[in-house]
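> If you scroll down you'll find the structure; I have some questions about it.
The values are calculated or read from the model by the stated rules, or taken from the named source; none is laboratory data. This structure is a prediction, so every number in the text was calculated from the model and none was measured. Cβ placement follows ideal geometry from the backbone for every residue including glycine, while neighbour counts extend to all protein chains displayed. SASA here: full protein model, heavy atoms, side chains in, ligands and nucleic acids out. Shrake-Rupley method; radii C 1.70, N 1.55, O 1.52, S 1.80 Å.
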Amino acid sequence: MSTEQNKRIMRRVYDEVINQGNLELAEELIAVDLIEHEEFPGLSQGLEGFKQFLKMFRDAFPDLRFSVEDTVAEGDKVVSRFTIRGTHKGEFMGIAPTGRQVEVPAIDICRFADGKLVEHWGQSDMMSMMAQLGVMPTSAEHAG
């Protein structure tokens, strides 16, 4: 697959699978044995773990939106810088719904093979998310 084809697949994962919640399409675009380097405790491995993660996230943030700002591809890898946005309306990681909106910067590095996402590394600003949810002080509150 070309870097452009891999970028198109990655865009579909963000737009159709994550933003629209199309888990059936996930089976077409993501390998069953996906290697996940940003694991969440208690979730399965592979595609099944990805689906569990997405369901958990969308249940907590029903208006979940990943907005991609930059995408770069080289070889079999695609790197995306994006912002996660949503309103906390369901339990998330033991945190009761707060009704607060979050805006969290994140970066994904994804490796592709045979037209599917096969490996994922991710980095998101969870500290910022927790501060926005009100479960830990913001840097301004901490300084004061």
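> Name the residue from GLY115, LEU47, GLY134 whose Cα lies farthest towards the positive end of the charge dipole of the chain, charges +1 on Cβ of Lys and Arg and -1 on Cβ of Asp and Glu.
Positive-most Cα among the choices belongs to GLY134.
> So between GLU4 and GLU48, what do we pick up on full extension, going 0.36 nm a residue minus the alpha carbon distance?
13.2 nm
> Further question: Cα axis of helix 3-12 to longest principal axis of the chain: angle in degrees, 0 to 90, nearest 10?
50 degrees
> Here is a follow-up. Using alpha-carbon pairs under 8 Å, 6+ residues apart, how would you state the relative contact order of the chain in percent?
23 percent
> Of the heavy-atom accessible surface of the range 31-144 (probe 1.4 angstrom), what whole percent is carbon and sulfur?
Using a 1.4 Å probe with all protein chains present, the range 31-144 comes out at 53 percent carbon and sulfur.
> Further question: To the nearest 500 deg cm²/dmol, what mean residue ellipticity at 222 nm is calculated for the chain from DSSP H runs of n ≥ 4 alone, each contributing -39,500 (n - 2.57), summed and divided by the residues? Kindly include the intermediate steps, with their values, before the conclusion.
On the way: 5 runs with 44 residues, N = 144.
Calculated at 222 nm, the ellipticity per residue is -8500 deg cm²/dmol.
> If you plug each phi of the range 109-122 into the Karplus form 6.51 cos²θ - 1.76 cosθ + 1.60 with θ = phi - 60°, what whole-Hz ³J(HN,Hα) values come out, in order, with x for Gly and Pro?
Taking θ as phi minus 60°, the curve returns 10, 10, 9, 10, 8, 6, x, 9, 6, 10, 8, 9, 10, x Hz for the range 109-122.
> Please work out the FRET efficiency for the pair ALA96 and LEU25, using the Cβ-Cβ distance as r and a Förster radius of 25 Å; give the result to the nearest 0.05. Write out the running numbers ahead of the final one.
Values: r = 31 Å, r/R0 = 1.25.
The calculated FRET efficiency here is 0.20.
> For a quick check of understanding: with a 1.4 angstrom probe and all protein chains in place, what accessible area in square angstrom does MET93 have, to the nearest ten?
Accessible area, nearest 10 Å²: 100 Å².
> Would you please give the residues with an amide H less than 5 Å from that of GLU119, counting only those at least 5 places away or on a separate chain, with H modeled from the backbone geometry?
ILE35, ARG111
> May I pose another question? Given the peptides 78-88, 22-32, 40-50, arrange them by the average over their residues of other C-beta atoms within 10 Å, most packed first.
Descending mean neighbour count gives 78-88, 22-32, 40-50.
> On to the next question. Explain nothing, just the number: dipole magnitude of the chain about its Cα centre with +1 on each Lys and Arg Cβ and -1 on each Asp and Glu Cβ, in debye rounded to the nearest 20.
Roughly 360 debye for the chain.
> Taking the 0 to 90 degree range and rounding to the nearest ten, how far is the long axis of helix 46-60 tilted relative to the main principal axis of the chain, both from C-alpha atoms?
Roughly 30 degrees, rounded to the nearest 10.
> Given a cut-off of 22 Å, what percent of all Cα-Cα pairs of the chain lie beyond it?
The calculated P(r) of the chain puts 39 percent of pairs beyond 22 Å.
> From the phi of every residue in the range 16-33, what ³J(HN,Hα) in whole Hz does the Karplus formula 6.51 cos²θ - 1.76 cosθ + 1.60 yield, where θ is phi - 60° and glycine or proline is x?
8, 7, 6, 5, 9, x, 7, 6, 5, 5, 4, 5, 7, 9, 10, 5, 4, 9
> Please tell me which of these pairs span more than 18 angstrom C-alpha to C-alpha: LYS7/LYS77; LYS51/LYS116; LYS7/LYS55? If you can, show how the numbers build up before the last one.
Details: LYS7/LYS77 9 Å; LYS51/LYS116 15 Å; LYS7/LYS55 24 Å.
Beyond 18 Å between Cα atoms: LYS7/LYS55.
> Still on this model: Quick one: ranking LYS55, LYS77 by accessible area, 1.4 Å probe, largest first, what do you get?
My answer, sorted largest first, is LYS55, LYS77.
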